[in-house]
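Enquirer: The structure that follows is given in the form of structure tokens.
The values are calculated or read from the model by the stated rules, or taken from the named source; none is laboratory data. Note that the structure is predicted; figures quoted are calculated from it, not measured. Neighbour counts are summed over all protein chains in view; Cβ atoms, including those assigned to glycine, are modelled from backbone coordinates with ideal geometry.
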Amino acid sequence: MSTPVYLSIAGSDCSAGAGIQADLKAGFALGCYPLTAITCVVSEVPGKVEGIVPMEPSFVADQVRICLQHFPVAAIKTGMLYSPEIVRAVTQELQGFTGPIVVDPVMIATAGEPLILQAAISVYEQSLMPRTTLLTPNLDELERLLGTEEPIRTADDLQQAAAVLAQRYNCAVLAKGGHLGGDTCTDILVMKDSTAHRWSHPRTIGISTHGTGCTLSSAVAAHLARGHELVPAVELSLQYIAQAIANSHKLGDLWAVNHHNQPQG
């Protein structure tokens with residue numbers, strides 16, 4: 001049996017906790033061969049982003065094109081696309097791809113730094129969202145896409161917000177609830193037909209969650225590449241990320257100090 005292949009189109013994280021590095025780790029752990037197309041190089045550690053250098057859009061497109069031409073790509077995950085030009089370049093190369101696309105709308109880092117240019121959001125909506133199978137926003141990204149001043153405070157609010165985006169973009173939305181308060185984290189998947197699925201698990205305290213959103217979306221892409229339908233792919237991925245958080249390693253003082261008691265998501 002051949003190894004399933006999926007493509008991650010995302011930024012590079014020098015601390016190896018998020019972005020392309022997280023996608024590679026998740027893909028190999030889940031029995032896939034993850035290809036990569038790097039959109040940006042990010043100088044960061046957990047809790048701090050020092051700089052972002054975007055790749056030339058044409059070079060990003062070249063990476064996507066050559067991967068699709070030479071490998072049997074079964075699923076695609078997009079992460080940090082950063083600029084409207086990169087979003088357009090990626091979308092253009094995906095026009096002939098008929099498999100599932102998981103879009104992690106990387107807009108705001110866990111520590112709060114912006115990871116996307118404002119002008120890129122409308123291009124996301126116009127070009128990439130119509131091709132999206134699953135959108136995986138965290139709480140901050142969900143509120144930003146909604147464009148509302150009303151904060152999301154409860155799991156019911158989270159589900160309602162996800163339902164709005166599912167109808168707006170005609171795709172499934174996995175709203176990640178780790179940034180909500182409480183001892184329990186609830187993640188909600190709303191399908192295009194408004195059917196909702198909820199999963200809850202106890203919150204793990206004192207663990208860095210830098211890169212968990214990248215890992216989760218990549219895990220979904222990996223399970224889709226392995227042939228799972230969307231709902232079981234999401235459920236298996238949530239189980240994987242919960243285990244990863246519970247069994248994570250603490251590497252160095254910066255990691256432990258900057259991310260003590262950070263919310264999950």
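Enquirer: From the list Gly17, Gly31, which one is assigned to a loop (DSSP other than H, G, I, E, B), touching a Pro at 6+ places or on another chain (Cβ under 8 Å) and surrounded by fewer than 23 Cβ atoms within 10 Å (Cβ to Cβ)? It would help to see each step written out before you state the result.
Expert: On the way: Gly17 fails: surrounded by fewer than 23 Cβ atoms within 10 Å (Cβ to Cβ).
Checking each option against the conditions leaves just Gly31.
Enquirer: Identify, please: which residue in region 242-265 is within 22 Å of Gly11 (Cβ to Cβ) and part of a helix (DSSP H, G or I) and is, among those, modelled with the highest pLDDT?
Expert: Taking the candidates together, the pick is Ala244.
Enquirer: Within region 14-21, does at least one residue satisfy the condition of being modelled with pLDDT of 95 or more and more than 17 Å from the chain's Cα centre (by Cα)?
Expert: no
This table checks each residue for (1) at pLDDT 95 or above; (2) surrounded by fewer than 17 Cβ atoms within 10 Å (Cβ to Cβ); (3) out of contact with any strand residue (DSSP E or B) (no Cβ under 8 Å at 6 or more places or on another chain).
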| site | (1), (2), (3) |
| --- | --- |
| Pro202 | no, yes, no |
| Ile207 | no, no, yes |
| His210 | no, no, yes |
| Thr215 | no, no, yes |
| Val220 | yes, no, no |
| His223 | yes, no, yes |
| Val231 | yes, yes, no |
| Val234 | yes, no, no |
| Tyr240 | no, no, yes |
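Enquirer: Across region 1-13, which residue is surrounded by the fewest Cβ atoms within 10 Å (Cβ to Cβ) among those that are over 17 Å from the mean Cα position of the chain (by Cα) and polar (S, T, N, Q)?
Expert: At the first step, the residues of region 1-13 found to be over 17 Å from the mean Cα position of the chain (by Cα) are 1-5.
Pick out the ones that are also polar (S, T, N, Q) and you get 2-3.
Working: Ser2: 6, Thr3: 12.
Only one residue tops the list, namely Ser2.
Enquirer: I've got another one for you. Taking region 164-173 on its own, how many of its residues are within 11 Å of Leu142 (Cα to Cα) and either buried (at least 18 other Cβ atoms within 10 Å of the Cβ) or within 18 Å of the chain's Cα centre (by Cα) (or both)?
Expert: From region 164-173, those within 11 Å of Leu142 (Cα to Cα) are 164-165, 173; that's our starting set.
From what's left, either buried (at least 18 other Cβ atoms within 10 Å of the Cβ) or within 18 Å of the chain's Cα centre (by Cα) (or both): 165, 173.
Total meeting the criteria: 2.
Enquirer: Tell me whether region 78-88 contains one or more residues that are under 21 Å from Cys14 (Cα atoms), part of a strand (DSSP E or B) and not aromatic (Phe, Trp, Tyr). Walk me through how you get there before you give the answer.
Expert: First, the residues of region 78-88 that are under 21 Å from Cys14 (Cα atoms): 78-83, 86.
Checking which are part of a strand (DSSP E or B) leaves us with 78.
Those still in the list that are not aromatic (Phe, Trp, Tyr) too: 78.
Yes.
Enquirer: Within region 109-121, is there a residue that is out of contact with any strand residue (DSSP E or B) (no Cβ under 8 Å at 6 or more places or on another chain), of a type in the set (D, E, K, R), in contact (Cβ under 8 Å) with a residue 12 or more places away in the chain and surrounded by fewer than 21 Cβ atoms within 10 Å (Cβ to Cβ)?
Expert: Scanning region 109-121 turns up no residue that is out of contact with any strand residue (DSSP E or B) (no Cβ under 8 Å at 6 or more places or on another chain), of a type in the set (D, E, K, R), in contact (Cβ under 8 Å) with a residue 12 or more places away in the chain and surrounded by fewer than 21 Cβ atoms within 10 Å (Cβ to Cβ).
Enquirer: Which one is surrounded by the most Cβ atoms within 10 Å (Cβ to Cβ) among residues in region 127-140 that are in contact with a helix residue (DSSP H, G or I) (Cβ under 9 Å, 6 or more places away or on another chain), of a type outside the set (A, V, I, L, M) and free of Cβ contacts under 8 Å to residues at least 60 places away in the same chain?
Expert: We begin by selecting, within region 127-140, every residue in contact with a helix residue (DSSP H, G or I) (Cβ under 9 Å, 6 or more places away or on another chain); these are 127-139.
Then drop every residue that is not of a type outside the set (A, V, I, L, M), which leaves 127, 130-133, 136-138.
Going one step further and asking which of them are free of Cβ contacts under 8 Å to residues at least 60 places away in the same chain, we end up with 127, 130-132, 137.
Working: Ser127: 17, Pro130: 11, Arg131: 17, Thr132: 20, Pro137: 26.
Filtering first and then ranking leaves Pro137.
Enquirer: Still on this structure, please answer the following. Condition first: assigned to a loop (DSSP other than H, G, I, E, B), of a type outside the set (S, T, N, Q) and farther than 17 Å from Val106 by Cβ. Now tell me which residues in region 119-170 satisfy that.
Expert: Step one: filter region 119-170 for residues assigned to a loop (DSSP other than H, G, I, E, B), giving 132-133, 136-138, 147-154, 170.
So of that shortlist, the ones also of a type outside the set (S, T, N, Q) come out as 137, 147, 149-153.
Scanning region 119-170 gives Gly147, Glu149, Glu150, Pro151, Ile152, Arg153.
Enquirer: For region 39-75, how many residues meet the condition of being acidic (Asp, Glu), surrounded by fewer than 15 Cβ atoms within 10 Å (Cβ to Cβ) and at pLDDT 95 or above? Before you say what the answer is, go through the steps one by one.
Expert: Initial filter on region 39-75 (acidic (Asp, Glu)): 44, 50, 56, 62.
Now restrict to residues that are surrounded by fewer than 15 Cβ atoms within 10 Å (Cβ to Cβ): 50, 56.
Cutting the leftovers down to at pLDDT 95 or above gives us 56.
Here the count works out to 1.
Enquirer: Let me ask another. Looking at region 141-163 only, could you name the residues that are surrounded by fewer than 18 Cβ atoms within 10 Å (Cβ to Cβ) and either in contact with a His (Cβ under 8 Å, 6 or more places away or on another chain) or polar (S, T, N, Q) (or both)?
Expert: Within region 141-163, Thr148, Thr154, Gln160 qualify.
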